[in-house]
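Data block below; observations after.
Just so it is clear, none of the values below were taken in a lab; they were calculated from the coordinates. Just so we're clear, the structure is a prediction, and the values are computed from it rather than from any experiment. Reconstructed Cβ throughout: ideal geometry from the backbone, glycine too, with neighbour counts over all protein chains shown.
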Amino acid sequence: MQPHFYATSGFDRMAHFRDDDEKMENRLKADDCLFVPVWNDRVFTSKDRTTPRYFSYAELDALDLQSPQMIYLGQSHKGQTLAAVDISAIEPLDEQDWFDDHLSCVDLRGAGLSLSADDASIIAYAQTLLRWHKDAKFCGRCGTRTTSKSAGHARRCSNDDCKTEHFPRINPAVIMLVEYEGRVLLASNPNFPEKLRSILAGFVEPGESLEQAVAREVWEEVGLEIENIRYHSSQPWPFSSSIMLGYTVTAKTEAMTVNKEELSEADWYTPADIAKAVDEEVLGLPRVDSIARAILDDWIKGNT
Ligand SMILES: [Zn+2]
C-alpha cells in the first residue's frame, strides 16, 4: 500500500546523527543542504504552488536572523540534506523583496494538494516540528525557558534543578468508516463547508485503547453500537499535529441518534447514492489528500 499524503517516504531521518553537534553543524552548513523555510506556519512555493522553494545556508545567512530555530530533517532519497528553519522573525515580509513572479508564501492546507506527495510530506514534517518549538518554549513542569537539542528534535528545560526533556507532541485521533448492510455512514459537522460529508473521527482520550476510542466516538456522535473493528491504515495530519488511525467498523443496527452538538447531520449512503449526489453537486467528499477519502474510496471500490 502506498503511504498516505504527508507521510514521508523514501526519506532517511538519520536519527543516530542528531546528537552529534559537530556533524550536525557541518551538515547544515554544507553547500548541498536545503532549508525548508517556514514563516508563521506558512511555507514557500513557486507561484503556481507546484514546487517548494528551499534556501541554501548562504541565502539564509544573508537574512541576518538572530539564531533562528533550525531542525535537521534527514537525507532525501535524492541524497540531499534537508533541514527546516523558522524565519518568522522577519516581520513583515516585504512584498517587493519577497513576492516576485516566482514565489508564494502559503498555508500548507492551500499548497498541499498542488505539491508532489514527497515534497508535501517534507514541508509538513518541517512545519509540524517548527510549530511544536513555538508551543514548547517554556517547561510545562516548572515554567522556565527551554532550549532546543538533538538537532531540533527535543527541547530541554534550562533550569538546572529541573532539566526536563520535552519531545514533539503528536495527538492520536481515530477515524472510522461505519458500514451497515452495504451502506456507509457519512456526516457533516457545523465547521464543514455546506455540502461536505465525511466519516466519523475524534481524539483518543487518556486511559482508553484505540478500539475503545473508536467505539466511544461512534456511540457519542450517532448512538450506534459497533462490532468487527478492523484497522485500515494511518496518516500524519499536519494541520492538527495528529496521527490519524483509520478503521472500518460495522454497526449492529441501522437506527441512529445524531448528537446535534457534534454533528449537523448524518445518514446512510450506498456507493450509488454517493456517485449520484456528487454528480448532482449536492454532496462534497473529503480532500483527496486525506485518509478519510482513502478509506471511503477503498470501501466504495469493495462495494461496487
Ligand atoms: Zn523545567
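At a threshold of 8 angstrom on Cα-Cα distance, excluding pairs fewer than six apart, so keeping six or more, what relative contact order does the range 11-135 reach in percent?
RCO, the range 11-135: 34 percent.
Calculate how steeply helix 210-222 sits against the longest principal axis of the alpha-carbon atoms of the chain, using the helix alpha-carbon long axis, and give the answer as 0 to 90 degrees to the nearest 10.
Approximately 60 degrees, to the nearest ten.
Grab the beta carbon distance between V282 and F167, set R0 = 51 Å, and tell me the FRET efficiency rounded to 0.05.
0.65
Can you give the FRET efficiency for K29 and E91, using 1/(1 + (r/R0)^6), R0 = 30 Å, r = Cβ-Cβ distance, to the nearest 0.05? Kindly include the intermediate steps, with their values, before the conclusion.
On the way: r = 26 Å, r/R0 = 0.86.
FRET efficiency, K29 to E91: 0.70.
Per DSSP helix of 4 or more residues, -39500 (n - 2.57); summed, then divided by the residues of the chain. What does that give at 222 nm, rounded to the nearest 500? Mind dumping the intermediate values first?
Values: 8 runs with 76 residues, N = 304.
It comes out at -7000 deg cm²/dmol, rounded to the nearest 500.
Which of the peptides 289-302, 138-151 is most tightly packed, and how do the rest follow, judged by the mean count of other Cβ atoms within 10 Å per residue? Please list the in-between numbers first.
Numbers: 289-302: 18.4, 138-151: 15.1.
For the peptides 289-302, 138-151, the packing ranking is 289-302, 138-151.
In whole Hz and in residue order, list the ³J(HN,Hα) couplings for the range 245-250 that follow from phi through the Karplus curve 6.51 cos²θ - 1.76 cosθ + 1.60, θ = phi - 60°; x for Gly and Pro.
10, x, 9, 10, 9, 10
When only Cα pairs under 8 Å and 6 or more residues apart are kept, what is the percent relative contact order across the chain?
17 percent
Just to be sure I understand: of the beta bridges DSSP finds with both ends in the range 171-302, what percent are antiparallel, rounded to 5? Let's see the in-between values first.
On the way: 21 of 31 bridges.
Expressed as a percentage, antiparallel bridges in the range 171-302 total about 70.
Could you tell me which of rounded, prolate or oblate describes the range 171-302, using a ≥ b ≥ c as the square roots of the eigenvalues of the alpha-carbon gyration tensor, with rounded for a/c under 1.5 and, failing that, prolate when a/b is larger than b/c and oblate otherwise?
rounded
Less than 16 Å from a label point 7 Å out along the Cα-to-Cβ axis of Q212: which backbone N atoms in the range 228-266 qualify, by residue?
Under cut-off, by backbone N: nothing.
Can you sort W219, W237, W132 from fewest to most other Cβ atoms within 10 Å of each residue's own Cβ?
On the way: W219 14, W237 25, W132 19.
So the residues, fewest neighbours to most, are W219, W132, W237.
Just to verify a number: FRET efficiency for N259 and R230, C-beta to C-beta distance, R0 = 22 Å, to 0.05?
Once the sixth-power term is evaluated, E becomes 0.35.
What spacing in nm lies between the two simple spin-label points modelled at K47 and R156, each 7 Å away from Cα in the Cβ direction?
Here the modelled spin labels are 4.8 nm apart.
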